[in-house]
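Single-structure report; data block below.
The values are calculated or read from the model by the stated rules, or taken from the named source; none is laboratory data. Note that the structure is predicted; figures quoted are calculated from it, not measured. A quick note on method: Cβ atoms are made from the backbone with ideal geometry, for glycine too, and the neighbour counts reach across all protein chains shown. For accessibility, only protein heavy atoms count, side chains too; no ligands or nucleic acids. Shrake-Rupley method; radii C 1.70, N 1.55, O 1.52, S 1.80 Å.
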Amino acid sequence: MKELKILAVIAALVGITYYGIEPYAHSVMHPEVSAADFTFKDAKNVDTSLAGNVENGKVLVEANCIACHAIEKAGHPALMPNADAAASYGVVPPDLSHAGRIYDKNYLANFIFDPVSAMHLSHKYPVGGTKAFPMPSYNWMTPQEIMDVVSYLQSVAPKVTEDKEGHKATFEAACGRCHSMAYAKFDATTPKDSIKAYMGATPPDLSQYIKSRGEHYLHSFINDPQVLLKNTSMPRVGLNEKAQEEVIAYMEEIGDSKKAERESLGLWVMLYTFVFAILAYLWKRKIWSEVH
Amino acid sequence: MAEFKQADSMYEWFDQRLGIDKFVKVMMTEYWIPKNINFLWAMGVLLTVMFTLLVVSGIFLLMYYKPDINMAFDSVNYTIMQEVAYGWLFRHIHAVGASVVFLIIYIHMFTGIYYGSYKRGREMIWISGMLLFMLFSAEGFSGYMLPWGQMSYWAAYVITEIFGGIPLIGGDLVVWIRGNFYVADATLTRFFMLHVLLIPLAILGAIVFHFYALRFPHVNNEAGEFFDFDEEAEKYLAGDKKNSKVVPFWPVFLSKDFFVLGFFLLFFFYLVFFHYGFAMDPINFDKADGLKTPSHIYPEWYFLWSYEVLRGWFFEIAGISGKSLGLMAFGFANIIFLLLPWLDRSPMVKPANQRPYFKYWFWLMIADLMVLTEFGKLPPTGPNAWVGFGASLVFLILFIALPFITKAEAKKVGGK
Ligand code: HEM
């Protein structure tokens, strides 16, 4: 009985200290931020309730977009090697094959209308400033035309599998022009020096970011980097919730590949230890019964 | 040379040459431990087991770790964590073990203080224990640098920088420790050597010394009672086990330790597999970058209290800068526990709660260390800085007051 009391005192002291230096201290150092918004409700230049016309969208995309963007899945390869594209635009324009699948519809329409405001980069590209964003605004298109483009992009986007391969495709389409993933042997399409000059900061290799930032942080950060890193040059990429989850899943598959093994082995080791503890207890009872 | 007769069995053959019988008696079956003890007396055996786990897991890590600033991070986080079969397991055991070993060390230490096991003949046990504490601190600090993450780098930077405050030689000392003007490859390779060779060797030596120091004064007991061990041992050997105040180390004492160990390991493995973030800080999964200071730098949790004693002094007093005052307080904090046997002037060897004045001192000290630990992690801004200062001051006052408090206690209890 007395020993249980001692144990309770120690558990209380250790528990209080633990609470203070872990959950509490972290809540002080990293205050909660507003929840992720997957409707992108601040972007409202385009009426997205209009139904798009795929045929017309195809015409518009072929006239306006493929000069810069590849759309491999629709038979439009890149017009120049990555190094040249990076030299021309600062960053390699992403292949749009997956665009209709990974970007939120409202975000995508508003991005085409005005990339800078949709990406939350007005601090970097102020109106009337000297620096111009490499992709033009298509604010001269009518909302109907923009929705036609969106519909076309949605129609060409391939389905991907719900596994590591599918997650990889999403990651590379959404983040791959800037970020490398060394532990998956993936290099960003834009060469290192160009991307640094273009962004003003080197996009970090994301191999271990699932560990250093954790899922909770990534969930807010990818949705809108400005909320957690004010004035960062990383754009809001505008992924819908499903695509974002795929990206995070991929970061975990690469950065914490032994998670499943760890969790299943953990249970066995604990079970084994528990049996040991019980046997040790019975043995102790037997031995001490002779001396008490 | 003595005559050796033909041995009848393998056991006898070895016994003739190595004196196994005698050895087992001296070390195990006739090494006497008081019967009146609780599970807190199992901490030493837990520590021995933890050290063994650290050595074994460390040896496995050592097979793949690369002590080079360009390779260290990936050798740990990719090669060991993801490529080598069960490499992650060894790393988790090692990193969580290094943290949990300090939890047990602190429990062990405060048990010693609570029961007065550091005085009246037990001074050398205490000193060898403090030596182990210092060696483990150095081992933990040097090991934390090895994965070469952001916290490895910046904690190493901040802690080595502390030595710069020492008058006259400070600046040169920092360069000497780092092997460079900043924390660099030379720093990593020398701390690697310390971590895997010199300090573990010294720890082994210190453990042997600690055990040896226990032999003559014997282990203390729950009541702080002094009795004649030889007499009680005779009783035990004569078969009067129930009335003897002692039990042999093996199997009686160890059977209880194994039971405590079993439940402790259950807790430990839970941490290893499911709850390791406290020991493997997320920030350390960002590669070290000398140009990018993290917004919050803090040492491992077991250094927080002494770090806060250092940080608490943030303003000038009587013309001495806060930095110098902090350094002096830090130096004080790091040697003062060593002097405990001489700061306690009361002859009483009793649980703290049965000592009229010491009990207040003990619980205040624990509370103060908890406050220091907590505020050592929080950003030192606004009121936090003042709480840190207050707690740091209380720490100094507690230890300066201890001789007086215990002297008064001695008078009150009349030398008992
Ligand atoms: C002879 C025994 C030991 C050997 C050979 C050894 C070896 C190593 C090696 C190679 C590493 C780098 C890999 C890694 O970071 O996981 C490491 C890390 C580390 N070691 Fe040890 N070690 C030993 C004992 C200890 C002890 C007794 C402690 C306890 C206080 C300790 C504390 C640490 C810490 C805190 C780290 C950093 C762990 C991390 O962040 O993952 N080591 N050790």
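Taking segment B:67-85 as the range and being surrounded by 15 or more Cβ atoms within 10 Å (Cβ to Cβ) and within 11 Å of another protein chain (Cβ to nearest Cβ) as the test, the residues that pass are B:73, B:74, B:76, B:77, B:78, B:79, B:80, B:81, B:82, B:84.
Checking B:161, B:225 one by one, the residue that is among the charged types (D, E, K, R) and within 25 Å of residue B:297 (Cα to Cα) is B:161 and no other.
Scanning segment B:207-226 turns up at least one residue that is within 16 Å of the ligand (Cβ to nearest atom), among the hydrophobic types (A, V, I, L, M, F, W, C) and either under 27 Å from residue B:127 (Cα atoms) or in contact with a His (Cβ under 7 Å, 6 or more places away or on another chain) (or both).
Filtered by the rule that a residue be under 25 Å from residue A:270 (Cα atoms) and within 11 Å of the ligand (Cβ to nearest atom), segment B:271-287 gives B:276, B:279, B:280, B:281.
Contact map, segment B:268-289: residues that are in contact (Cβ under 8 Å) with a residue 24 or more places away in the chain paired with residues that are open to solvent by 50 Å² or more (accessible area, probe 1.4 Å) and among the acidic types (Asp, Glu), Cβ distance under 8 Å, separation 6+ or inter-chain. Pairs shown: B:273/A:263. Within segment A:274-292, being facing another protein chain (nearest Cβ under 7 Å), open to solvent by less than 90 Å² (accessible area, probe 1.4 Å) and not aromatic (Phe, Trp, Tyr) holds for A:277, A:280, A:284, A:287, A:291.
Entry remark, segment B:234-251: residues being more than 32 Å from the chain's Cα centre (by Cα) and in a helix (DSSP H, G or I) number 4 in total.
Take segment B:262-300 and flag every residue that is in a helix (DSSP H, G or I) and more than 7 Å from chain A (Cβ to nearest Cβ). Matches in segment B:262-300: B:264, B:267, B:268, B:271, B:272, B:284. Inspect all residues belonging to segment A:147-158 and state whether any of them is open to solvent by less than 40 Å² (accessible area, probe 1.4 Å), touching a residue at least 60 places away in the same chain (Cβ under 8 Å), in the same structural domain as residue A:51 (by TED's automatic domain parsing) and over 26 Å from the mean Cα position of the chain (by Cα). Within segment A:147-158, one or more residues are open to solvent by less than 40 Å² (accessible area, probe 1.4 Å), touching a residue at least 60 places away in the same chain (Cβ under 8 Å), in the same structural domain as residue A:51 (by TED's automatic domain parsing) and over 26 Å from the mean Cα position of the chain (by Cα). Taken over segment B:207-222, the residue count meeting the criterion of being touching a strand residue (DSSP E or B) at 6+ places or on another chain (Cβ under 9 Å) and either within 14 Å of chain A (Cβ to nearest Cβ) or of a type outside the set (A, V, I, L, M) (or both) is 4.
Scanning segment B:94-118 for residues that are open to solvent by less than 30 Å² (accessible area, probe 1.4 Å) and more than 16 Å from the ligand (Cβ to nearest atom), we see that the one that is nearest to residue B:39 (Cα to Cα) is B:111.
Okay, residues lined up against (1) loosely packed, with under 13 Cβ neighbours inside 10 Å; (2) over 30 Å from residue B:87 (Cα atoms); (3) within 14 Å of chain A (Cβ to nearest Cβ); (4) out of contact with any Lys or Arg (no Cβ under 7 Å at 6 or more places or on another chain):
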{"residue": "B:3", "(1), (2), (3), (4)": "yes, yes, no, yes"}
{"residue": "B:18", "(1), (2), (3), (4)": "yes, yes, no, yes"}
{"residue": "B:33", "(1), (2), (3), (4)": "no, yes, yes, yes"}
{"residue": "B:41", "(1), (2), (3), (4)": "no, yes, yes, yes"}
{"residue": "B:48", "(1), (2), (3), (4)": "no, no, no, yes"}
{"residue": "B:52", "(1), (2), (3), (4)": "yes, no, no, yes"}
{"residue": "B:62", "(1), (2), (3), (4)": "no, no, no, yes"}
{"residue": "B:65", "(1), (2), (3), (4)": "no, no, no, yes"}
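Against the list (1) more than 25 Å from residue A:7 (Cα to Cα); (2) among the aromatic types (Phe, Trp, Tyr); (3) more than 14 Å from chain A (Cβ to nearest Cβ), the condition residue B:90 fails is (3). Quickly run through segment A:253-292 and pick out the residues that are part of a helix (DSSP H, G or I) and within 30 Å of residue A:172 (Cβ to Cβ). Result: A:253, A:254, A:255, A:259, A:260, A:261, A:262, A:263, A:264.
For every residue, the table says whether it meets (1) open to solvent by 60 Å² or more (accessible area, probe 1.4 Å); (2) at pLDDT below 95; (3) hydroxyl-bearing (Ser, Thr, Tyr).
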residue: B:323; (1), (2), (3): yes, yes, no
residue: B:328; (1), (2), (3): yes, no, no
residue: B:336; (1), (2), (3): no, no, no
residue: B:345; (1), (2), (3): yes, no, no
residue: B:351; (1), (2), (3): no, no, no
residue: B:357; (1), (2), (3): yes, no, yes
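Just one of the listed residues (B:73, B:102, B:51, B:110) is in contact (Cβ under 8 Å) with a residue 12 or more places away in the chain and in contact with a strand residue (DSSP E or B) (Cβ under 7 Å, 6 or more places away or on another chain), and it is B:73.
Within segment B:245-261, the only residue that satisfies the criterion of being of a type in the set (Lys, Arg) and facing chain A (nearest Cβ under 7 Å) is B:256.
Per-residue answers, yes or no, for (1) closer than 19 Å to residue A:103 by Cα; (2) in contact (Cβ under 8 Å) with a residue 12 or more places away in the chain:
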residue	(1), (2)
A:161	yes, no
A:167	yes, yes
A:190	no, yes
A:201	no, yes
A:208	no, yes
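Across segment A:110-123, the qualifying residues are those that are closer than 22 Å to residue A:229 by Cα and in contact with a helix residue (DSSP H, G or I) (Cβ under 9 Å, 6 or more places away or on another chain), and the one among them that is surrounded by the most Cβ atoms within 10 Å (Cβ to Cβ) is A:111.
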